[in-house]
Each structure stands twice: as structure tokens, then as C-alpha cells.
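Here's the structure, in C-alpha cells; my notes come after.
The values are calculated or read from the model by the stated rules, or taken from the named source; none is laboratory data. Keep in mind that what you see is a predicted model, and the values were worked out from it rather than measured. Heads up, the Cβs are rebuilt from the backbone with ideal geometry, glycines too, and the neighbour counts pull from every protein chain shown. Only protein heavy atoms, including side chains, enter the accessible area calculation; ligands, DNA and RNA are left aside. Shrake-Rupley method; radii C 1.70, N 1.55, O 1.52, S 1.80 Å.
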Amino acid sequence: MPTNEKWDVYLKEYAAPQGRAPAFRTETMGCQMNERDSETIAGLLEEMGYVPAASRQEAAVIVVNTCSVREIADPRVFGILGQIKKVKEAHPALVTAVCGCMMQQQHVVDAVKSKYPWVDIIFGTHNIHMLPELLRNVVLEKHKATDVWDDGGEIVEGLPARRTFAFKAYINVMYGCDNYCSYCIVPYTRGRERSRATGEILREARALADSGAKEVMLLGQNVNSYRGAEDAQTAGFVDFPALLYRLAAVPGLERIRFMTSHPKDLSDRLIAAFRDCKKLCKVIHLPVQSGSSRTLARMNRRYTKEHYIALIEKLRDASPGIAVTTDIITGFPGETGADFEETLDLAEKIRFDSAFTFLYSARKGTPAAQFGDQVPEEEKHRRFNLLVERLNGITAEKNNAYLGRTERVLAEGRGKTGRDTLAGRTDSGKLVNFIGPLSLTGQMVDVRITGAKTFSLYGEIAARP
Ligand code: SAH
Ligand code: SF4
Ligand code: F3S
């Protein structure tokens, strides 16, 4: 019997007692790249005949998409696998899959295989498109499957996606990273830099806009390295600023965001786009990592504190009021008290709108993991807490400056602050809570800002769209 027929029989047999198709569940850790990958995973599973599951207990397949960067991820993943074991004991037909950045590390794959034998499928970041085949094998042939590719090769286009939102969407513009910051695992888990063809990106953006997307977030580890072929036939290349202008011409799209741009090669043309491209949101996530040029050199970031400050000045000249957000690591090996003071000083100078702070955590296989002078845990935490306190103070002050202003907010649905509240984001990316009907979800709403806290703004509708 051909596989497809066998598969249809499986779907029917599975569905018979419950009256509905088998259900899938994705559980996603990590960054926007992983969130976007999980949308593809969900799209592939839907194409196979699965429907979304409301709970783990209801699921016929659970896919855990892992991250290697955030320290919290490792224990969390193993905790989740432990919980899934219990679900599987109650529902032996459950298929368990683990994927994502952690699976690109051989020692993690070995650990999963030896300590979590109830995991049926292991796949990586480069072969998501193989999931249907791996899953069919497990379900029909009762084989376990491990398939992790070392590198990405050609970008696979045309995969389905189940999008989380209709009114805003992620678009990958490039994959991988060639920067090799000395602490970072991403170049090893996501492979070499590869850009998607400009035509493919535009096609995706037009389709999203046609189905109601107003805002797109372009994803890449360093979008300044974007170098897209116009299409399969032409030899010309499109760089990132040029891509932004092409996207700005897509009818229906009102907002374009991107992340992330590396300070070492943030170009003047990209800075100018914040002035010249109306649809480009006035916010930049520009991870600084440290305020000490000495630490930056040891991180292999290839810019200095002075260079970073000069970039922010240029950005603020080009686009007054542009929001600046960042990532900062505390306790990088060899970071002295004086280095840390420089980070505090930089935070004061730049006055970030918000910042993600990370405790340095050694990643196996990265150069910094071998550095001899690791900072003691307690000191790392002390610095982290001091920095967070200072950064939060600045964020609150920045938010206070919004009081009394009227901001365009893209309403994203119910907020967390009360039954009648909607939550949405300003052009600059600030979260705003305001009272309004659910029917405004996906609409641009003018909101007058009446309150400001550290992590959000409050307001009232000034005018309906
Ligand atoms: N490509 C992006 C970063 C992706 S990783 C960029 O270069 O800006 C997201 C953030 O995780 C990094 O900016 C860094 O602050 C943090 N990070 C990465 N590896 C880390 C590690 N080993 N320990 C602590 N924080 C880390
Ligand atoms: Fe990691 Fe650096 Fe690449 Fe960002 S630029 S993903 S921090 S190696
Ligand atoms: Fe993202 Fe984590 Fe991988 S931050 S690229 S999911 S290691």
C-alpha cells in the first residue's frame, strides 16, 4: 500500500474514537527565529491532517522546539521531557519530537537519546521540512528517527506556515550567522549565513498583506549581512536597506520592523532609512553586550564603546525620538569591576528604552567557555541586579515621557490588565494597555497616553480608525 493511503488509514483510525483528526502541539523556547520555525512545523503538521491540540493530553504529537542561548532553557527542556513521559504513559500512541538549536549540539542529542528514551524524533534547525517524513516513519513503521544536518545548504522555500496572528507576521530574510562572538552558540546551531532571494521575501510579504497583515517583523541574526539575489535568473544583489524600500512599496503593509542589526556594520544607508522610509518603525534593537571596549574585544564584537555611542548619535540625528533597545551580558569571563562600571556608565549615556540582560553562561564549544578567568556566580548576579535596577529606572523615565502624547497603536487583542483592556504596540514598540472592544484587534487605533509604568503604558482611545 502506498504511504499516503496508509497515512489516511492512520488518520481515520486515530480519529474514529474521538470524532476528530489527531492533534498536534508545539512548545517553543528561544527567539523569534524559533517562533517562526514553529509556525512552519505547525503548517507542515496541518498539511498532514493534524489539528491543533488544546492540551498535552489531547495531543497525538508534541514537538518541543529548543534554544541553546538562554540559560533557563536547558533545565526547562529536560523538565518538559520528564512531564511528557507521564503523558505518554497514559497515551502510549503519543509521538514526541524534539528539535531546535539544542539538537544541533551532538552532546545534547546523545543525552536525550540515553536519558529520555521515550523521545521518538530528534531533528535540527536545518531540516524542518523533513518532519513529515520522519513522523510518517515513526507512526507507520514504528522506527525512532534522529536526523540532524550539520549545515543548511540551499534554503528550502515554499513550506506552509500556520501563522500565530493575522495582522502581524514574522518574515525570515536570512538564516545563520558568521560573526562568531566568543560567547555565542548560534553560529554552530544555525549554520553559515544565507540570505533568502528578494523575490521570495516580497512574495511572502504580499501574500501576508493580502490576508490582512499590517505589520511585518524581518528576522535575521545580522540583517546588515543580507545580500539577496533578485530572483533565480538575475545576477544582481539586493542589500538590506534596498529590501526595506521594496517592502515599503507592498500595498497594505503599514509597519516594518526588523531584528537584529549588529553594531559593527550598521550602515549609514540603514540609518538613513529610519529618516526616509515612513513605514520603517522608529525603533532599533542594537545589542551592545558591554560598555567596556576591552570586554567587547574579548567578546569578538569588533566595535568599541565609542563606535556604539557614535552610532546612536547618528540614529538620533536621522530620526529624533527613535527608541533604542539592547542586549547586555554581565559577568563575561575577565569582566572586572571597572569594566562593569563602564557598562553602567554606557546605560546612563545612551538611556536605552529597554534592555534584555543576560547572565553570562558558558556554552560548550564556544571560545569564551575556555577562558580561564570566569567571574564567580555571586558576583555575576550582583552586577546583574545592579544593572537591571538602573536599566529599569531609565526605562520608566523614558516611558514617562510618553504621558499626554497620542500614539498610533496596533491593537493585538485582550491585555493582561483587566477584562475590557486591549494591548497593542506603538510604532516605537512600547506596549500600551487601553480599554476598548475586542473588535478593534488588528486595527490601528489612536491612543492618548495617560499612565506610564516600567514595562507598559496606559491610555484611552483618542479616535477610532
Ligand atoms: N544575533 C543577535 C543575538 C542573538 S542571541 C545579535 O548579535 O545581536 C540573543 C542574545 O543572547 C545576545 O545578544 C546575547 O546578549 C545573549 N547571549 C548569547 N549567548 C550568551 C551566553 N553564552 N551567555 C549569556 N548571554 C548570551
Ligand atoms: Fe551570536 Fe554574535 Fe551571531 Fe549575534 S552576531 S548570533 S551574538 S555570534
Ligand atoms: Fe534563537 Fe536560541 Fe537558537 S536564541 S537562534 S533559538 S539558540
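The spacing between segment 273-302 and segment 5-22, judged by their C-alpha centroids, is 51 Å. Extent along the principal axes, Cα only, for the chain: 67, 59, 53 Å, with the longest axis given first. Modelled label positions at A16 and A207, each set 7 Å beyond Cα in the direction of Cβ, lie 3.6 nm from each other. Protection proxy ranking, highest mean first, for peptides 346-353, 51-58, 191-198, 104-111: 191-198, 346-353, 104-111, 51-58, where packing is the per-residue count of other beta-carbon atoms within 10 Å, averaged.
Taking a ≥ b ≥ c as the square roots of the eigenvalues of the Cα gyration tensor, segment 62-137 is classed as oblate, since a/c reaches at least 1.5 and a/b does not exceed b/c. Counted over all Cα-Cα pairs of segment 406-461, pairs farther apart than 20 Å make up 7 percent. What the Cα atoms of segment 318-465 give is an Rg and a Dmax of 19.2, 59 Å. Take the Cα coordinates of segment 294-391, assign each an equal point scatterer, and use the Debye formula without solvent to give log10 I(q)/I(0) at q = 0.19, 0.20, 0.25 Å⁻¹. These q points yield log10 I(q)/I(0) values of -0.97, -1.05, -1.44.
Ordering P320, A310, A297 by Cα displacement along the dipole of segment 168-400 toward the positive end leaves P320 in first place; charges were set at the Cβ atoms of Lys, Arg (+1) and Asp, Glu (-1).
Considering only alpha-carbon pairs that sit under 8 angstrom and 6 or more positions apart, the relative contact order computed for segment 406-461 is 35 percent.
Put the Cα centre of segment 41-60 next to the Cα centre of segment 96-149 and the gap is 17 Å. Helix 73-90 and the longest principal axis of the Cα set of the chain meet at an angle near 30°. Output the 0 to 90 degree angle, nearest 10, between the alpha-carbon long axis of helix 32-47 and the longest principal axis computed from the alpha carbons of the chain. That helix lies at roughly 30 degrees to the long axis. Kirkwood hydrodynamic radius of segment 215-351, from the reciprocal of the average inverse Cα-Cα distance over all distinct pairs: 16.1 Å. Counting heavy atoms of the protein chains alone, Y183 has an accessible area of about 30 Å² for a 1.4 Å probe. For segment 264-328, the Kirkwood estimate of the hydrodynamic radius, built from every pair of different alpha carbons, is 12.4 Å.
Distance between the modelled labels on K144 and A248, one decimal in nanometres: 5.4 nm (7 Å Cα→Cβ projection). For segment 228-334, which GluC sites (Glu not before Pro) pass both filters: DSSP loop (anything but H, G, I, E, B) and at most 16 other C-beta atoms within 10 Å? Passing both the DSSP loop test and the Cβ count: E230.
What is the Å³ per residue value for the convex hull set by the Cα atoms of segment 168-400? Write out the running numbers ahead of the final one.
Working: hull volume 29.7 nm³, N = 233.
Spelled out: Cα convex hull of segment 168-400, divided by residues, is 127 Å³.
Among 160-167, 280-287, how do they line up from the highest to the lowest mean number of other beta-carbon atoms within 10 Å? Can you show the working numbers first?
Details: 160-167: 15.6, 280-287: 21.6.
In descending order of packing, they fall as 280-287, 160-167.
Taken about its Cα centre, the chain carries a charge dipole of roughly 880 debye when the Cβ of each Lys and Arg holds +1 and the Cβ of each Asp and Glu holds -1.
For the chain, the longest principal axis of the alpha carbon atoms and the long axis of helix 3-15 meet at an angle near 90°.
Computed over Cα pairs, the Kirkwood radius of segment 186-253 leads via Stokes-Einstein (1.306 mPa s, 10 °C) to a diffusion coefficient of 123 µm² per second. Taking every DSSP bridge with both residues inside the chain, close to 40 percent are antiparallel. Database note for the chain: Cys without another Cys beta carbon under 4.7 angstrom, C31, C67, C99, C101, C177, C277, C281.
May I ask for the percentage of alpha-carbon pairs in segment 3-147 that lie more than 21 Å from each other? Walk me through the intermediate numbers first.
Working: 4000 of 10440 pairs.
Roughly 38 percent, once rounded to a whole number.
Computed over Cα pairs, the Kirkwood radius of segment 125-256 leads via Stokes-Einstein (0.692 mPa s, 37 °C) to a diffusion coefficient of 199 µm² per second.
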